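Since every read-out is calculated from the coordinates, none of them should be taken as a lab result. Treat the numbers as computed from the prediction; the structure is a model and nothing was measured. Note that each Cβ is placed from the backbone with ideal geometry, even for glycine, and that neighbours are counted across all protein chains shown.
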Amino acid sequence: MADPQAALATQLKNIEIRTGQSLAHMRALIATSGLTKHGEIRSWLMDKLALGYGDANTVVTLAKQAPAAAEADPLDGIYAGNKAALRALHEQLTAVVDSFGPYEKAPKKANVSLRRKKQFALIGPATKDLLELGLNHKDLPAHPRLKVMPAGGMCQYTVRLGSAAEVDADLQRWLRAAYDAAG
């Protein structure tokens, strides 16, 4: 799976090549257009710069963000303030998954979804001291560390982690099983 941030960077590069306009210049054009509604600006960009719907939509979305927000690391927002210490544990978990093979990281506001053909894990802070790993796998063996979640949720199990030592062989085996089951 492709990295979403790399895909966005490629899309912006292609838009700039086709239009001859940088994102900063397109942001300035939008500001001088007098338009304020997302759909109006998107249609205007499609007309003015001959952008397709998806490209125009991306430009409007990014143009409405602060310039730095378009390039910001999503983990900075997830692990801000008193949750900052958990970022190292998050990165340790993703390094384990990186060793399994290709997958996609899809950052959300409060966590990061890990996907292959489907989501296999969800990583994010549970509290200021604990990271929560959600596992999407139907048949993990019972274990005191695995909390079984109610049916119908995104993940069948969760595990809370407070230290790097908890990323042990059991956890890696569960994570690998979820990764393999996701396709």
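Panel order for K48, K105, by other beta carbons found within 10 Å of each beta carbon, from fewest to most: K48, K105. For the chain, the 222 nm mean residue ellipticity estimated from helices alone, with every DSSP H stretch of n ≥ 4 adding -39500 (n - 2.57) and the total spread over all residues, rounds to -13500 deg cm²/dmol. Pairwise alpha-carbon distances in the chain exceed 20 Å for 61% of all pairs.
Residues whose amide H comes within less than 5 Å of that of Y157, counting only those at least five positions distant or on another chain, are L135, H137, M149 (H built at 1.01 Å from N in the peptide plane). Restricting the calculation to alpha carbons of region 75-181 gives Rg and Dmax of 12.8, 36 angstrom.
Between A106 and E91, the modelled labels are 2.5 nm apart [label points 7 Å from Cα along Cα→Cβ]. Here r is the Cβ-Cβ distance between I17 and D47 and R0 is 25 Å; the resulting FRET efficiency, rounded to 0.05, is 0.80.
Taken one residue at a time, the phi angles of region 104-111 give Karplus couplings (6.51, -1.76, 1.60, θ = phi - 60°) of 10, 9, 10, x, 10, 5, 10, 7 Hz. Gly and Pro are set to x. Region 122-183 has equivalent-ellipsoid semi-axes of 18, 14, 11 Å, by the square roots of 5 times the alpha carbon gyration tensor eigenvalues, sorted largest first.
Which value, in debye to the nearest 20, gives the size of the charge dipole of the chain about its Cα centre, when Lys and Arg are +1 and Asp and Glu are -1 at the Cβ?
420
Per residue, the convex hull spanned by the Cα atoms of region 4-70 amounts to 79 cubic angstrom. Among the chymotrypsin sites (Phe, Trp or Tyr not before Pro) within region 116-183, not one is in coil by DSSP while having at most 14 neighbouring Cβ atoms inside 10 Å.
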